[in-house]
Amino acid sequence: MNTMPIRVLVIDSKPIFQLGLRAAADNLSGIEFVGQADNGAEGLERFTEIGPDVTLINLRLPDMCAADDIGSFFEIDPEAKIVVLAESAGDAEIKASIDGGALGFVSASAPISIMLEAIRKVHAGNQYFDDSVSQTLKTEVLSEDLTAAETDVLEKLVGGLANKEIAFALDVSENTVKTHVRHIFEKLGVTDRTTATVTAIKRGLVRVDI
């Protein structure tokens, strides 16, 4: 009895990666590469047109961050099965992607064999995280999430603003900002603004354009 192949859509801005995955999938029975897209908007269009069994999407696309926008795919198909790929990711980005509905999260530098395994596992309805992602979750999970107000302050702090400037930008008192900064330091386990900035970027708590 023939089994229908797993139909896979890849959304990634790097053609070399797309070609490599497609070449590997084409040489295997059971997985069929059915489409590709270079950005989030095109990816959503292709996702709607194709209705893939599994979608691989890069965490950081030119017009989309999967950690923030993965819900757009589930608005189209609540049963979507998604694997997020990332060159690097902090625990906050991984957690946001999983909370958003992703079943898999894999390093973009992982061997093709790992990505194909992720496709099979996720297609079967299971979660799949490669070793590097599992290690990040194990060692860097936040003990307590930042509040929305603390996140707003952290974004301004990472942008280099002083407390007085943050207070003006957010229309709150400087004392309120100082309180938020103290709580941020406690939750991140840091004692100064520079380390807070480095930690926030590393863990994906704040998005920065590179």
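The values are calculated or read from the model by the stated rules, or taken from the named source; none is laboratory data. Quantities reported herein were computed from a predicted structural model and do not represent experimental measurements. A quick note on method: Cβ atoms are made from the backbone with ideal geometry, for glycine too, and the neighbour counts reach across all protein chains shown.
Overview of results
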read-out: Residues located in region 175-210, provided they are aliphatic (A, V, I, L, M), at pLDDT 90 or above and more than 23 Å from Ala67 (Cα to Cα); value: Val177, Val181
read-out: Counted residues, region 46-70 - those being part of a helix (DSSP H, G or I) and either of a type in the set (S, T, N, Q) or within 17 Å of Ala92 (Cβ to Cβ) (or both); value: 5
read-out: Pair list, Cβ under 8 Å, 6 or more apart: region 165-193 residue closer than 15 Å to Thr147 by Cα, other residue surrounded by 14 or more Cβ atoms within 10 Å (Cβ to Cβ) and of a type in the set (S, T, N, Q); value: Val177/Asn163; Lys178/Asn163; Val181/Asn163; Leu188/Thr199
read-out: Some residue of region 98-116 being more than 18 Å from Gln135 (Cα to Cα), of a type in the set (A, V, I, L, M, F, W, C), touching a Ser or Thr at 6+ places or on another chain (Cβ under 7 Å) and touching a residue at least 12 places away in the same chain (Cβ under 8 Å); value: no
read-out: Among residues of region 71-92, those that are in a helix (DSSP H, G or I), among the charged types (D, E, K, R) and either surrounded by 15 or more Cβ atoms within 10 Å (Cβ to Cβ) or touching a helix residue (DSSP H, G or I) at 6+ places or on another chain (Cβ under 8 Å) (or both), counted; value: 1
read-out: Residue under evaluation Ala149, criteria (1) under 30 Å from Phe73 (Cα atoms); (2) in contact with a Leu (Cβ under 7 Å, 6 or more places away or on another chain), criterion not met; value: (2)
read-out: Residues that are assigned to a helix (DSSP H, G or I), among the aliphatic types (A, V, I, L, M) and surrounded by 16 or more Cβ atoms within 10 Å (Cβ to Cβ), drawn from region 195-210; value: Ala196, Ala200
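Residue-wise test of (1) assigned by TED's automatic domain parsing to the domain that holds Glu87; (2) under 16 Å from the mean Cα position of the chain (by Cα); (3) at pLDDT below 90; (4) closer than 16 Å to Ser107 by Cα.
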| site | (1), (2), (3), (4) |
| --- | --- |
| Ile11 | yes, yes, no, yes |
| Pro15 | yes, no, yes, no |
| Arg22 | yes, no, yes, no |
| Asn27 | yes, no, yes, no |
| Gly35 | yes, no, yes, no |
| Gly43 | yes, yes, no, no |
| Thr48 | yes, no, no, no |
| Pro62 | yes, yes, yes, no |
| Ile70 | yes, yes, no, no |
